[in-house]
Amino acid sequence: MSPIESPAVAAPRGAAPARPMWHVMLVRPETMTLALLVLGVLVASEISPYFLDIRYILKSFTLSAEFAIVALVLTMVIISGEIDLSPASNMALSACLFAYALQAGAPMPLAIGVGLLAGLAMGALNAFMIIGLQLPSIIVTIGTLTLYRGLAQVIAGDKSIRVPESFTGVDTALLLGVPVPVLIFMALSLALGLVLGATIFGRQIYLIGTNEIAARHAGVRSRRIKTFLFLAMGLVSAVAGLMTASRLGSVRYDLGIGGELQMVLMAMLGGTYIFGGRGTILGTFLAAWLLVIVTTGMIVADWLPAYQLCVLGVLLILSIVATNIIYSRTER
Amino acid sequence: MNRISRLLLRREAGILVMIALFCLAVGAVKPHFLTLDSLQIVLLLVPLTLMGAMGQMMVIVARHVDLSIGSILGLTAMASGMMFRYHPEVWWPLGFVLSIGIGALLGLANGAVVTFFRLPAIIVTLGTLNLYRGLTFIMSNAKQIDRQYVPVELKAMSQTSPIFGIPWIILMSFAVALATYYFVMHTRIGRQIYALGSNPVAAPLRGIDVTKVTLLVFTLSGALSGLAGIMYASRWGFVNPSNTGAGFEFQVIAAVVIGGVSINGGVGAVLGTALGVLLLGCVAAALPLLGIPGTTQNAIYGAVILAALLIDRLVRRQGQRGAAIRGAA
C-alpha cells in the first residue's frame, strides 16, 4: 500500500550539505537497536543475574532462533519493497508434510527432502502470484498465510504427529559450546549481511526497493531477483519448520502460529524501512537478540503470556514509528 | 460510468451464478441441502461475517486493510460479557453501547496510528491484532464467560424473530448492510472513501480531508466489529478469551475479496460483498453435510482469497484499468 503523499511543493533546491560523518554513523535505526539491546541487558540483569550468563542467553535464543533465521531473509524481502506474512504458516505446513512422510514410512532423507521441497513450492506459489501476476504481496500472503495453515490442519488434523528420537534435539546439540540453531543463525547473518552489503546483487535489492521502475531501466532484473527472494523465503521457512519440529519432538498444525508478528517485529525493530529500500542485516541481527532478551526477561519476571503479546504488539508499532522518524530526518 | 456499472453487474451476477452452481452441486449429492432448513443454517452463519465485511469493505476501498477486527470482536465481546457477569444489575442492552463504543475506540486508535504516522495499515493492525488479543486475556484474567452469565434476552435475539420468522440477528446484519449501502452511495463522505481509494494523491487536491476519511473507515470497521462482538455473545452464548474472534479477519477478508472489492482500492460494492459473505456461508454450511471435517475451513478461506485475487486480476486485465497505470504498487 503506497503512502499517501502530500503534493510536492516545487521549490528549487540546491544540493543539501553533506551530513557530518558522526551523524551518518550514529543517527540510524541500528544505533537505536544497539542502545535498546544494551539497555535491555542492563535491565534484565537487574531482574535476574542469569542474564549475565551467556550460556543462559544462548539457550533462550534457541527458542526463537527459527523465527530469527526467517526474519533475516524477510529483511531482504522488505528491503526489496515487498512483504511476506506467510512464513510461519509455511513452517507449519512443511513440518507437517515432513512428519506425514515419515509416518507413511519414508526414510529420513526423503522426508526431509519432502519438507524442504514443500517449502520451496510454497515460496514459488507466492512468487507466481506476486511477481508473475503482479498482485500486491500484502494481500497474497494474507491469503497464503490462511491457506498454508489450513492445509497443515487438513493434513495433521487436530492431532500431533511425533517425530522419531533420532531427529529431535537440534536445540540441545552444541558445537564449540554454542547451540546449533544459534550457530546457523549467526552463519546466515554473516552470509546474508555480506550478500546484501557487499555484492552487486545486494545493492540491486536496495535499488528495487527504492524505485523499482528506475531499477528496471537501469538494467536490474527486478522480477528475477524478487522471485529468487521469495523462493529463498520458502526454503528458509521450511528449514525453520524442520528445526522447530526437531526442537519440539512433535508436529502440530499450529506450529509457530502467530510467528509472523515476531518475524516482522525483528525486521522492523532492526530498522528495516517498511516502504523498502533501507535496512540492514546487522539491524535484524541485533533486533533478534534484543527480542530474545525482552521475551526471556518477561518469562523470568513471570509475566503472563498475554502481557507478552501486548508488549510485542506495542513494540511493533513503536519500532515502525521510530524508524520512520529517523529515516525522515535523514532524508537522502 | 456505464462500462463500470456493467462490469460490476457482471461481477455480482458471477457470484450469484457461483452460489447457485455450488448449491445445486451440493444438492445433487445431498438433496437435504436444498431445503429451507439449510437456508436457516446458512443465514445464521453469515450475520457476524456480514457486519465485519461491511467495515472491512470500506477500509479496503480506502486502500488500507484491517487485520485487527478478530481481536476487536473478542475484546468487545469480552467487555460486554464481563459487564453481564460482574454487574448483572445493569440494563443488558447497554452491552450494545459498550461493545460498539469500545470497538469504535479501538478502530480509531488503528486509524490514528495509520494516518498520523503515515504507516502501512497492515503492519499497524498486525501489531494491534496481538495487542488487543493480549488485552482481552488480561482484562478477563484468561477466564471464559459461561452461558449462564449471558442474558437470556440477548441469547434470544439469535433465535426469536419479530417478523417472518427471521431472527433479530439476521435482520440486524441486513440493516447494517442497507445502512452501509446508503452511507457509501448517497452521502458525501461515503463517496469520498471511493475517491480516496481510487487516487490517494488526487483526493486531497480535490478538497477531501484524507485524515478524516481514514479515521472514519477504521472507526466504522472497529464499531461494526464491536457490534459483531456482542452478537457473538448472543449467537454462541459464551465468550472465550482465546477463541472468540480468532481468525475472523481471514474469513471477512475472504468474503470481501470474493465479493469484488479490489485490493487496489476504489472499487467495491455492498451487494457484491454481501453475496461474497453468502457464498462463504453456503460453503461453511455444506461442509458438515458432505462429511468434510471442519478442519478444512481455513484452507478453504485461504484458497478463496487467492481465487478471488485471480478473478480480480482477470477482470482488471479486461477492464480499462491496466496494471501499468498503477506501476509497482
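The values are calculated or read from the model by the stated rules, or taken from the named source; none is laboratory data. Computed from a predicted model, the values in this text were never measured in an experiment. Note that we place each Cβ from the backbone using ideal geometry, even for glycine, and neighbour counts take in every protein chain shown.
Of everything in region A:148-162 that is assigned to a loop (DSSP other than H, G, I, E, B) and either under 27 Å from B:Leu119 (Cα atoms) or not charged (D, E, K, R) (or both), the residue that is nearest to the other protein chains (Cβ to nearest Cβ) is A:Gly157.
Checked across region B:81-103, the condition of being part of a helix (DSSP H, G or I), within 13 Å of another protein chain (Cβ to nearest Cβ), more than 30 Å from B:Met185 (Cα to Cα) and not basic (Lys, Arg) holds for no residue. Evaluated against (1) free of Cβ contacts under 8 Å to residues at least 40 places away in the same chain; (2) within 11 Å of chain B (Cβ to nearest Cβ); (3) part of a helix (DSSP H, G or I), A:Gln204 falls short on exactly one condition, (2).
All of (1) surrounded by 21 or more Cβ atoms within 10 Å (Cβ to Cβ); (2) part of a helix (DSSP H, G or I) hold for A:Arg216 with one exception: (1).
In region B:240-263, the residues that are closer than 20 Å to B:Ala177 by Cβ and within 8 Å of chain A (Cβ to nearest Cβ) reach residues that are part of a loop (DSSP other than H, G, I, E, B) and hydrophobic (A, V, I, L, M, F, W, C) with C-beta atoms within less than 8 angstrom, at least six apart or across chains, in these pairs: B:Ile253/B:Val65; B:Val257/B:Ile263.
Using the structure shown, decide if A:Val300 is aliphatic (A, V, I, L, M), away from chain B (no Cβ under 12 Å) and buried (at least 18 other Cβ atoms within 10 Å of the Cβ).
no
Please tell me if A:Met76 is surrounded by fewer than 24 Cβ atoms within 10 Å (Cβ to Cβ) and either of a type in the set (A, V, I, L, M) or in contact with a Leu (Cβ under 6 Å, 6 or more places away or on another chain) (or both). Spelling it out, it is not the case that A:Met76 is surrounded by fewer than 24 Cβ atoms within 10 Å (Cβ to Cβ) and either of a type in the set (A, V, I, L, M) or in contact with a Leu (Cβ under 6 Å, 6 or more places away or on another chain) (or both). Which condition from (1) touching a residue at least 24 places away in the same chain (Cβ under 8 Å); (2) part of a helix (DSSP H, G or I); (3) within 8 Å of chain B (Cβ to nearest Cβ) is the one that A:Val314 breaks? It is condition (1) that A:Val314 fails. For region A:101-147, a residue qualifies if it is in a helix (DSSP H, G or I) and facing another protein chain (nearest Cβ under 9 Å), and the qualifying residues are A:Leu125, A:Met129, A:Ile138, A:Ile139, A:Val140, A:Ile142, A:Gly143, A:Thr144, A:Leu145, A:Thr146, A:Leu147.
Taking (1) farther than 15 Å from A:Thr75 by Cα; (2) modelled with pLDDT of 90 or more; (3) crowded, with 18+ Cβ neighbours inside 10 Å in turn, A:Thr199 satisfies each apart from (3). The residues of region B:110-139 that are among the polar types (S, T, N, Q) and more than 9 Å from every other protein chain (Cβ to nearest Cβ), listed by number, are B:Asn110, B:Thr125.
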